[in-house]
Amino acid sequence: MSQRVISRGVVEALNEAPLSGFHFRAMLTSGMGFFTDSYDLFIIGTAVALIKVEYNPSALILGLISSTSLISAFVGAFIFGRVADIFGRKSVYGLEAGIMAIGAVLSALSPSLIWLIAFRFLLGVGIGGDYPVSAVLMSEYSNRQNRGRLVGMVFSMQAAGLIVGPLVALVILALGVPTDLAWRLMLGLGAIPALGVIYLRRTMPESPRYLARVRGKEEEARRAVESYSHSTVTVDDHGSDARAKLSLGAFLSNPRFLLTLLGTAGCWFFFDYAYYGNTISTPLIIKSVAPGASLIHTTALSFVIFALAAAPGYVMAFMTMDRIGHKRVQIIGFITMGAMFLLIGIIPGITKEIAPFLVLYGLSYFFTEFGPNTTTFVLASELFPVSMRTTGMGISAGMAKMGAFIGALTVPLVLAGPGLPAVMVLAFASAVVGTLLTFVLTEPAGKSIEDASHEDQVLVPSGAAAVGAGV
């Protein structure tokens, strides 16, 4: 049974609350969106292989089908991130899941490849919008000791999407479903989990930190904490939470926040270039190593890599990052995954031998997940002040998806030209830049989210005019 905690003020109550069922309920509600995001983004790699056989489109059209949802995710992250700071997290929570569901269904019903690109763009807007809101809500509900674990668990639902996607594709291919119907089923099934989380998200209360510190609604925030935690957390001192409202202009002109934004957005951009470029193109990459492999074979090998290498990396990340340090895990991951990329790129003949290639490629995925794929998400959700938290997270996630778009669009072209070694060397270079940019960030592990984000710099007494108030 969870220990009952009585605290002074909403912020203290959340920071000191013991890990309990309400944390895991919030984690599951947020995390289901990332399962959907992952499935929708990565199933396209197998779908494109079928579309290529059926329609034989140009390389540009194939590239746009693979990557257009990533460029629209850039748009969605910016828009939804800003809206959630102005009107509240709950104002958009569930809306983005609805957009994902509609985008998946319409993609499956596309009458032509041009319409498929348009519907994948719509899908990406919802995916992009999911990043800042889900991450920040979990971060703002978390306590100081377990914030990395909880936010990391939300993002680790991506692992389920990485595994389920190839598994669904294998079943559809093994059943001998006709090509035109097979890729449509793969894309359309992404609507099911999106529809499943809409109700859960609409019933989740507004972030108590946002209510207390941005809106000044301490009593409403207190009720939200006590109701959602089933009174395992009780706030006994109303009105003790200082206001912390900051305008967009003040945020973007503050050197500390700009440096933090450079670190979170920059690291994530260079990481996603390598990660999405490689992951979406994994069937093509495996095909280049083993030219005789069938689509079922390459899809099965993708499943093995994600299940045996990527999934354990996610678990290791959220289980240890609060002890090791969020920033430190990111550095470890960047360095090690970069080393794997470099070895694949420079060892003669390794890209023609499937077994040694899979070992190094699998290790790169382990340290990708036990590293920047998880930590870029966590750090961006905790290093910005409360009134600009989804804005900062949205900018960071948007820039990440711009890097992902470039990677998804260019990796197939590099693979077809200079070849796989060049793909890996470019991924290594991205890891080096990501490592260097990580050093500009502060270590937030073990700190309250208010201390980690330097929120005290914008605090004023409750009831006074907020610093730089406005939107």
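The values are calculated or read from the model by the stated rules, or taken from the named source; none is laboratory data. Small disclaimer: the values here were computed from a predicted structure and weren't measured. Reconstructed Cβ throughout: ideal geometry from the backbone, glycine too, with neighbour counts over all protein chains shown. Accessible surface areas use protein heavy atoms only, side chains included; no ligands, DNA or RNA. Shrake-Rupley method; radii C 1.70, N 1.55, O 1.52, S 1.80 Å.
Observations on the structure shown:
- Between residue 52 and residue 24, the contour length at 0.36 nm per residue exceeds the alpha carbon distance by 5.9 nm.
- Counted charge near residue 134, where neighbours are those whose Cβ lies closer than 13 Å (Asp, Glu -1; Lys, Arg +1): 0
- Largest accessible area first, the listed residues 245, 52, 352 line up as 352, 52, 245 when surface is computed with a 1.4 Å probe on the assembled protein chains.
- Equivalent ellipsoid, the stretch 94-233 (semi-axes from 5 times Cα gyration tensor eigenvalues, Å): 37, 17, 12
- Only DSSP H runs of four or more residues enter the estimate; each adds -39500 (n - 2.57), and after division by the residues of the chain the mean residue ellipticity at 222 nm equals -24000 deg cm²/dmol.
- Alpha-carbon Rg/Rh ratio, for the chain, with Rh computed the Kirkwood way: 0.98
- Among 203, 68, 336, the sequence by solvent-accessible area, most first, with a 1.4 Å probe is 203, 336, 68.
- Over the stretch 1-89: Kirkwood hydrodynamic radius from C-alpha pairwise inverse distances, Å: 17.1
- Ranking 270, 35 from most to least accessible surface, computed with a 1.4 Å probe over the protein chains only, gives 270, 35.
- Degrees between helix 326-346 axis and first principal axis of the chain (Cα, 0 to 90, nearest 10): 10
- Cα-Cα pairs of the stretch 333-372 separated by more than 17 Å (percent): 24
- Å² of accessible area per residue within the chain, as computed with a 1.4 Å probe and no ligands counted: 34
- Here the gap between residue 352 and residue 167, fully extended at 0.36 nm per residue and compared with their Cα-Cα distance, gives a gain of 64.0 nm.
- 0 to 90° range, to nearest 10: angle between helix 354-369 axis and the chain longest Cα axis: 10
- Kirkwood Rh (inverse of mean 1/r, distinct Cα pairs), the stretch 260-350, angstrom: 15.2
- Taking the C-alpha atoms only, the angle from helix 21-42 to the longest principal axis of the chain is near 30 degrees.
- The count of lysine pairs in the chain that are at least 8 places apart or cross chains, and whose C-alpha atoms lie under 30 Å apart, stands at 18.
- Residue 234/residue 454 FRET efficiency (R0 22 Å; Cβ-Cβ; nearest 0.05): 0.15
- Centre separation in Å (Cα based) which lies between the stretch 375-391 and the stretch 299-326: 23
- Portion, in percent, of the accessible area of the chain that falls on carbon or sulfur, probe 1.4 Å: 71
- Comparing Cα centroids, the stretch 157-229 and the stretch 45-112 end up 15 angstrom apart.
- Couplings for the stretch 307-315, taken from phi via the Karplus curve 6.51 cos²θ - 1.76 cosθ + 1.60 with θ = phi - 60°, read 6, 8, 10, 5, 4, x, x, 4, 4 Hz in order; Gly and Pro are left as x.
- Between residue 179 and residue 308, the contour length at 0.36 nm per residue exceeds the alpha carbon distance by 43.6 nm.
- Evaluated at q = 0.17, 0.19 Å⁻¹, the base-10 log of the normalised Debye intensity for the stretch 165-305, with identical point scatterers placed on the Cα atoms, takes the values -1.02, -1.11.
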